[in-house]
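First up is the structure itself, then whatever we jot down about it.
The values are calculated or read from the model by the stated rules, or taken from the named source; none is laboratory data. As the structure is a prediction and not an experimental result, all values here were calculated from the model. Note that each Cβ is placed from the backbone with ideal geometry, even for glycine, and that neighbours are counted across all protein chains shown.
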Amino acid sequence: MGLFAWSAGMVFMTRGTQLLSDPNAGATLAGMAAEKQRAFANGAFAAGRAMMRGASPAHVQAAALAPARRAVRANFAKLGK
């Protein structure tokens, strides 16, 4: 969980400074917000599916966080290029 939180913070900080010079910042921010909504919705559905399967609370939590983790990992990788 620590690496996930650090990566998310690093992506937020880096993208925030990049947005200062982005003439299309509004559209970029809207896309970022939609990305978060998709990740949270997918996480909620994944957690629900895990609960219906009778998964342990730890597995339900992992299922809920997996879409957000993937998004953060992808964004962090993009920033490194």
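With a requirement of 2 or more residues that are out of contact with any Phe, Trp or Tyr (no Cβ under 8 Å at 6 or more places or on another chain) and at pLDDT 90 or above, the helices (runs of 4 or more DSSP H) lying completely within the chain that satisfy it span 25-52, 57-79. Look at (1) surrounded by 10 or more Cβ atoms within 10 Å (Cβ to Cβ); (2) small (Gly, Ala, Ser); (3) over 13 Å from Ala68 (Cβ atoms) and you find that Ser21 fails only one, number (1). If you go through the range 48-74 and keep only what is buried (at least 16 other Cβ atoms within 10 Å of the Cβ) and closer than 16 Å to Lys36 by Cβ, you end up with Ala64, Leu65, Ala66, Pro67, Ala68, Arg69, Ala71, Val72. Checked against (1) within 18 Å of the chain's Cα centre (by Cα); (2) without any contact (Cβ under 8 Å) to a residue 12 or more places away in the chain, Ala71 passes all but condition (2).
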